[in-house]
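Written out below as structure tokens is the structure these notes cover.
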Amino acid sequence: MPRTSRICILLIACALALGGCAADALRPRRPVALTSTATVVAPTDVPSVETPRPAPTNTTAPTAAPREATATPEGIAATVTPAITLVRPEVTRVTPAPPGATPHVAQAYPAPGVDVTDTSHLPIVVRPDPNTEPAAPGVPAIAAVAPMGFVQVQGDGLVLDGRPYHFIGVNASYLMSDYFPDDAIEPIIRYLAETGGVNVIRLFYQPGKDPARFERLLDLGAQVGIRYIVALQDFYWYKTQTWFDVHYKTEDLPHIREVVPRFRDRPEILMWELMNEPGCADGDEPKRCQQHIYNWAATVSAEIKSLDPHHIVSIGTLSAEGTRYHESNYEDMHELPTVDIISLHRYVGKTSRTEMRLAEELNKPIYIGEAWDKAYKADRCDPRDGTILGERAEKIAEDLEWSFTHGVDGYLVWQHDPGLVVGEDGEREWYCSEFSFLAGDPSYAVMRDYLARIRVGGGVDTRSVGDDDDD
């Protein structure tokens, strides 16, 4: 080939290459996909079989080790929840600090004034047509209007068939636990109903538990006038921020999709709780952990509402106390439109004004899911002294008065324990802790008298927590 021809060909090739580079420079860049940075770690160290154990000696409820997630029942169309990451605007709230104090900088959460009724950030859910037949045998269709007998939220209070509703009761978290004898359940429910001071019991219905046992509890509640607050998970023993970011999708959502549709027509269920005391574990990064908990609460509460729009939904939180990220997230989670009522756990007599003021600001009801006070010796069913039970009853009487006259809608003590239980095999097991309420406790008479006052229209008020100076 002549040299001049080679030069021409070389020049043409260079021109084509330069044109391609220019085209790449002018081509718009592909957006970078936002993905979660969490590492998926299967909780392989979680025991799969629950072993018998007595009630704990602290405020943590006994709970079964989580089991492998159950599948959606055959015939029920599984609601699809996209794997999304909820990203809230980076807004810094600054609270004026007292002179000489370090200013309080809150977590970056939705800006004040943002419309909290906007649910565009919530997962896509498919609501069944109220006019269709049940999706599967035993699963009722969703009525357009809540049936009679369902407790509902109205403004900052609760109503039952149009009349104000308040409740007093106990925790009995073990009632659905495998280790607790099935034949010991009915005597406990009947005793509590007969005290006259208990109209609500709080229990834990975690993944892998027997739905037939829960059905029997509901049937018994219908007979004796007891309703249930049902915590669908328990935080304690193994959950971390990774669970709230990843594992809930395989452990929590399948459980909800199995349990909630099956029992959504039961008025004996007062409310669903997402979890008993969700929080961050040791080693979690505080800000990221709270972000994951918020995303989880938004997703799961929306899922429950899509499956059962008529029952009240609560998060099951402990309190607003904690890191600045926890405090901000407590408020933000309760602002969610899919969360109906504010949850609070505290010592008997602690007024918890932060949570009470939040209920006033959000115009939502509030209940004390656990009120605890020590009265027994550790690991024994013996009172600490001869007067402690009476003294605790007096403290509860004062706390009931303060709480209900300042807008609380419900009050549960932690927790009723049966004491000695003899199993079917003759094995003797003691159930008690420092915080126990056993049969015959004088506090039940106090609760009976106060519930009687409420039933005739007394003992309740909506006085603001700022109206007096006591702590």
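The values are calculated or read from the model by the stated rules, or taken from the named source; none is laboratory data. Computed from a prediction, not measured in an experiment: that's the story for all the values here. Every residue, glycine among them, receives a Cβ derived from its backbone with ideal geometry; neighbour counts consider all protein chains shown.
I'd like the residue in the range 245-285 that is hydrophobic (A, V, I, L, M, F, W, C) and over 30 Å from residue 148 (Cβ atoms) and, out of all such residues, is surrounded by the most Cβ atoms within 10 Å (Cβ to Cβ). Outline the logic, then answer.
Here is the first cut: in the range 245-285, the ones hydrophobic (A, V, I, L, M, F, W, C) are 246, 253, 256, 259-260, 263, 269-272, 274-275, 280-281.
Those left that are additionally over 30 Å from residue 148 (Cβ atoms): 246, 253, 280-281.
Values: 246: 18, 253: 19, 280: 24, 281: 16.
Among those that are hydrophobic (A, V, I, L, M, F, W, C) and over 30 Å from residue 148 (Cβ atoms), it is 280.
Quick one: count up the residues across the range 327-339 that are buried (at least 23 other Cβ atoms within 10 Å of the Cβ) and outside any helix (DSSP H, G or I).
1
So that you can scan it fast, the table gives a plain yes or no per residue for (1) in contact with a Lys or Arg (Cβ under 9 Å, 6 or more places away or on another chain); (2) surrounded by 17 or more Cβ atoms within 10 Å (Cβ to Cβ):
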position	(1), (2)
361	no, no
394	no, no
399	yes, yes
418	no, yes
427	no, no
438	no, yes
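Filter the range 151-173 for residues that are surrounded by fewer than 22 Cβ atoms within 10 Å (Cβ to Cβ) and part of a loop (DSSP other than H, G, I, E, B) and give the result.
Correct list: 155, 156, 161, 162, 165.
I need the full set of residues from the range 355-378 which are more than 17 Å from the chain's Cα centre (by Cα) and of a type in the set (Lys, Arg), in order please.
Hits for the range 355-378 are 357, 374, 377.
Just give me the residues in the range 309-326 being of a type in the set (D, E, K, R) and buried (at least 23 other Cβ atoms within 10 Å of the Cβ), in sequence order. Break it down stepwise before answering.
If we filter the range 309-326 for residues that are of a type in the set (D, E, K, R), which is where we start, we get 321, 324.
The answer is none; no residue qualifies.
With the requirement that a residue be of a type in the set (Gly, Ala, Ser), surrounded by 13 or more Cβ atoms within 10 Å (Cβ to Cβ) and outside any helix (DSSP H, G or I), what does the range 448-463 give you? Please lay out each step first, then the result.
Taking the range 448-463 and keeping what is of a type in the set (Gly, Ala, Ser), we get 452, 457-459.
When the remaining residues are screened for being surrounded by 13 or more Cβ atoms within 10 Å (Cβ to Cβ), the result is 452, 459.
Within the range 448-463, 459 is the sole residue that qualifies.
Could you please let me know if residue 349 is small (Gly, Ala, Ser), surrounded by fewer than 17 Cβ atoms within 10 Å (Cβ to Cβ), touching a helix residue (DSSP H, G or I) at 6+ places or on another chain (Cβ under 9 Å) and assigned to a loop (DSSP other than H, G, I, E, B)?
yes
Keeping to the range 245-299, report how many residues are aromatic (Phe, Trp, Tyr) and more than 19 Å from residue 329 (Cβ to Cβ). Break it down into steps so the answer makes sense when it comes.
Taking the range 245-299 as the starting set, the residues that turn out to be aromatic (Phe, Trp, Tyr) are 248, 263, 272, 294, 296.
Then keep just the ones that are more than 19 Å from residue 329 (Cβ to Cβ); that gives 263, 272.
Residues that pass the stated criteria total 2.
Are there strands (runs of 3 or more DSSP E) fully within the range 361-436 with at least 2 residues that are at pLDDT 95 or above? List them.
Numbers: elements: 366-372, 410-413, 419-422, 428-431.
So the answer is 366-372, 410-413.
Looking at (1) without any contact (Cβ under 8 Å) to a residue 40 or more places away in the chain; (2) touching a Phe, Trp or Tyr at 6+ places or on another chain (Cβ under 9 Å); (3) surrounded by 17 or more Cβ atoms within 10 Å (Cβ to Cβ); (4) more than 19 Å from residue 305 (Cα to Cα), find the lone condition where residue 342 falls short.
Unmet for residue 342, out of (1) without any contact (Cβ under 8 Å) to a residue 40 or more places away in the chain; (2) touching a Phe, Trp or Tyr at 6+ places or on another chain (Cβ under 9 Å); (3) surrounded by 17 or more Cβ atoms within 10 Å (Cβ to Cβ); (4) more than 19 Å from residue 305 (Cα to Cα): (4).
Could you please let me know if residue 245 is of a type in the set (Asp, Glu) and closer than 22 Å to residue 187 by Cα? Show your work before the answer.
Numbers: of a type in the set (Asp, Glu): yes; closer than 22 Å to residue 187 by Cα: no.
Criteria not met by residue 245.
Is there any pair with a first residue in the range 297-315 that is over 13 Å from residue 252 (Cα atoms) and a second that is part of a helix (DSSP H, G or I) whose Cβ atoms are under 6 Å apart and which are 6 or more apart or on different chains, and what are they?
307/260; 307/261; 308/260; 313/301; 313/304; 315/297; 315/333
Applying the selection to the range 138-195, what residues are more than 28 Å from residue 407 (Cβ to Cβ) and of a type in the set (Lys, Arg)?
Initially, the range 138-195 is screened for residues more than 28 Å from residue 407 (Cβ to Cβ), giving 138-144, 174-191, 194.
Residue satisfying the conditions is 190 alone.
Of the residues 245, 234, 265, only one is farther than 17 Å from residue 205 by Cβ, acidic (Asp, Glu) and at pLDDT 95 or above; which?
Details: 234 fails: farther than 17 Å from residue 205 by Cβ; 265 fails: farther than 17 Å from residue 205 by Cβ.
On inspection, the qualifying residue turns out to be 245.
Output the residues belonging to the range 267-283 that are out of contact with any His (no Cβ under 9 Å at 6 or more places or on another chain) and charged (D, E, K, R).
268, 273, 282 - these are the residues of the range 267-283 that are out of contact with any His (no Cβ under 9 Å at 6 or more places or on another chain) and charged (D, E, K, R).
List pairs: first in the range 142-154 and small (Gly, Ala, Ser), second in a loop (DSSP other than H, G, I, E, B) and surrounded by 14 or more Cβ atoms within 10 Å (Cβ to Cβ), Cβ under 6 Å, 6+ apart or cross-chain?
Once the first residue is small (Gly, Ala, Ser) and sits in the range 142-154, its partners that are in a loop (DSSP other than H, G, I, E, B) and surrounded by 14 or more Cβ atoms within 10 Å (Cβ to Cβ) give 146/310; 149/267.
When you check residue 251 against the structure, is it of a type outside the set (A, V, I, L, M) and either at pLDDT below 95 or more than 30 Å from residue 287 (Cα to Cα) (or both), yes or no?
Working: of a type outside the set (A, V, I, L, M): yes; either at pLDDT below 95 or more than 30 Å from residue 287 (Cα to Cα) (or both): no.
So residue 251 fails the test.
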